[in-house]
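The values are calculated or read from the model by the stated rules, or taken from the named source; none is laboratory data. Here the structure is a predicted model, which means the values were calculated and not measured. FYI the Cβ positions are ideal-geometry reconstructions off the backbone, even for glycines, and counts take in every protein chain you see. Quick note on the areas: whole protein, heavy atoms, side chains included, nothing else; ligands and nucleic acids left out. Shrake-Rupley method; radii C 1.70, N 1.55, O 1.52, S 1.80 Å.
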Amino acid sequence: VAKGKIMIDKISKETGVPSRLLIAILVPEQMRLFHSNRAIFKRAFEPLKILGSQSQFSWGLFGIKDETARATEMHLKDTASPYYLGKKFEGALDFKTTDTDQERFQRIIDEHNHYYSYLYTALYVAQINKQWKNAGFPIDNNPAVTATLWNLGFQKSIPKASPLSGGAEIEINGMSYSFGALAEAFYYSDELIELYP
């Protein structure tokens, strides 16, 4: 994330999603990967100094599921969607080839350029923030709930008063944490504060 600061800040500026919030969502995703597959991580990923690229079911740094990527793309163009961000964003994820399935997969798993992993995540966050704001329950200042909704997906994004954080349970050193709680803990910590205030 230190090496990607210029790119992450650019995506933040373009989407309106704070850089620190993006990193806060990344942290529990990578902690979950590291702690659930520790032996594999230590043997394969750690020596290469790259972050894990997940599995056949979720891709890239953020563990983006195919259906989440597709839904994010669709909501950019569907003017009737509660997640629609406006004309300015309609082409944000346009494809350059006709093999959209392969292009989507390649852009998200690219280990040398994480641009699309961050962009899909930022657009998803912007979309759920738009949905909740329009419903009268803004969550843009609630990293725990935002991260929880990233972890749970669009189908669980149901705007309401007093939402709770949660998401996948992640066990670290014998203690259990929710995805949203870990994201919030990072967000309000001093970790990487000099790069992502």
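Miscellaneous remarks
- Semi-axes of the equivalent ellipsoid for segment 134-197, computed as √(5λ) from the eigenvalues of its C-alpha gyration tensor and ordered from largest down, come to 22, 17, 9 Å.
- Among residues other than Pro159 with Cβ under 13 Å from its Cβ, the summed charge is +3 (Lys and Arg +1, Asp and Glu -1).
- Here the 3J(HN,Hα) profile of segment 14-26, calculated from phi with Karplus coefficients 6.51, -1.76 and 1.60 at θ = phi - 60°, is 5, 9, x, 8, x, 3, 5, 5, 4, 5, 4, 6, 5 Hz, Gly and Pro shown as x.
- Taking Asp190, Asp66 and ordering them by how much accessible surface each has at a 1.4 Å probe, largest first, produces Asp190, Asp66.
- Basic side chains Lys and Arg get +1 at the Cβ, acidic Asp and Glu get -1 at the Cβ, and with that the dipole of the chain about its Cα centre reaches some 160 debye.
- The chain, accessible area per residue, ligands and nucleic acids excluded (1.4 Å, Å²): 53 Å²
- Trypsin sites (Lys or Arg not before Pro) within segment 78-166, DSSP loop, no more than 12 other Cβ atoms inside 10 Å: Lys96, Lys160
- Global geometry of the chain, whether rounded, prolate or oblate, following the gyration tensor of its Cα atoms and the 1.5 cut on a/c: oblate
- Amide H contacts of Asp110 (H built 1.01 Å from N, in plane; Pro and chain starts excluded): no residue 5 or more places away or on another chain comes under 5 Å.
- Remark: segment 108-114, residue by residue, has Karplus-estimated 3J(HN,Hα) of 7, 8, 3, 6, 9, 9, 8 Hz, where x stands for each Gly or Pro and the curve is 6.51 cos²θ - 1.76 cosθ + 1.60 at θ = phi - 60°.
- Carbon/sulfur fraction of accessible area - segment 60-197, other protein chains in place, 1.4 Å, %: 53 percent
- Taking amide hydrogens as placed 1.01 Å from N in the peptide plane, the amide H of Trp59 sits under 5 Å from those of Ile64, Lys65, each at least 5 positions away in sequence or on another chain.
- MRE, 222 nm, helices only [DSSP H, n ≥ 4, -39500 (n - 2.57), over the chain, to nearest 500]: -14500 deg cm²/dmol
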